[in-house]
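Reviewing the structure listed below.
No value in this document is a laboratory result; all are computed from the given coordinates. What you see is a predicted model, and the numbers here were worked out from it, not measured in a lab. We place every Cβ from the backbone using ideal geometry, glycine too, and count neighbours over all the protein chains shown.
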Amino acid sequence: MVINTKDELKRFIKNAHEEQKTIGFVPTMGFLHKGHLSLVKKAKEENQLVVVSIFVNPTQFGPTEDFETYPRDIQTDTRLAMEAGADVIFNPSTEEMYVPGSSTWVEVEGDITSVLCGASRPTHFRGVTTVVNMLFNIVEPDKAYFGQKDAQQAAVLTKMVQDLHMNVEIVVCPIVREADGVALSSRNIYLNKEEREQAAVLNRSLQLVQEAYWKGEKSVEVLTELIVKNINQMPLAEIDYVNIYAYPSLKTIAKVEEKAIAAVAVKFGKTRLIDNIILEKRK
Ligand code: PAF
């Protein structure tokens, strides 16, 4: 079932609460791939009702970014999400979400939003936290599901929920990759054949850095350089950032002693891809 208005969805949610059903929520911007569908499946396993939102949120795009051209295919998305276990698709218009005159933002401050994607996309996370708040208020989920590919987003949203005592559990699910290691992303569709082939370098370099760490290299400078060198072997790769931080705080560290993240953002042609790996002691 597709619902387009918040009033209709709220009525539906009220009924679900009356029937004491647990609600799992998967917020997305659509153009669903296997990564999103893994979240829907997980939500289905853990809840009695699954809501998937499809909303390309304008406030998380910068003025020169791809909001207008972001891929959209609501028919296919609806079919895929329902097949994966969604009970309801919430697909509101921009006006339905951002009521005229609205001027309220939810913003998580500090390192967690100012480094990595926050440095290259300064207004991005406040757009994400604001819209996710609105969605949580409408859907009132017990659990909400996000992908580890957007590791910084997951960390920011987990912090927001803690800081604001919100009644929802954030569940972070593993990155889903293609056979050659490229992380699934709706933006992969922008890549031409050569760019797509070269994009496999991201996961390869992250695997290398993990091996180096497991072999005993702890220096953030050395590990970072290893990734940079590897990515730079690809002529079409243009690095936006390569960084290693403590995770999930995203504090600066000189050595990887505790849980850390190696995160990369790299442009192939016009397409900016992100990927990451969590560095932890070998289990
Ligand atoms: O991860 C995304 O697709 C978006 O950032 C989200 C969480 C749906 C908010 O618009």
Take A262 and decide whether it is touching a helix residue (DSSP H, G or I) at 6+ places or on another chain (Cβ under 8 Å) and in a strand (DSSP E or B). yes
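Okay, residues lined up against (1) more than 21 Å from T69 (Cα to Cα); (2) not small (G, A, S):
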{"position": "Q152", "(1), (2)": "yes, yes"}
{"position": "A155", "(1), (2)": "yes, no"}
{"position": "M166", "(1), (2)": "yes, yes"}
{"position": "L191", "(1), (2)": "no, yes"}
Residues that are polar (S, T, N, Q) and either loosely packed, with under 14 Cβ neighbours inside 10 Å or assigned to a loop (DSSP other than H, G, I, E, B) (or both), drawn from region 62-113: T64, T69, Q75, T76, N91, S93, T94, S102, S103, T104
Working only within region 122-148, note down all residues that are surrounded by fewer than 18 Cβ atoms within 10 Å (Cβ to Cβ) and closer than 23 Å to K267 by Cβ. P122, T123
Matching option when the condition is crowded, with 16+ Cβ neighbours inside 10 Å and acidic (D, E), among E169, E195, E225, E211: E195
Against the definition (at negative phi, away from the ligand (no atom under 13 Å from the Cβ) and within 21 Å of the chain's Cα centre (by Cα)), how does A16 come out, yes or no? no
Out of region 153-169, which residues are in contact with a Ser or Thr (Cβ under 8 Å, 6 or more places away or on another chain) and within 11 Å of the ligand (Cβ to nearest atom)? V156, L157
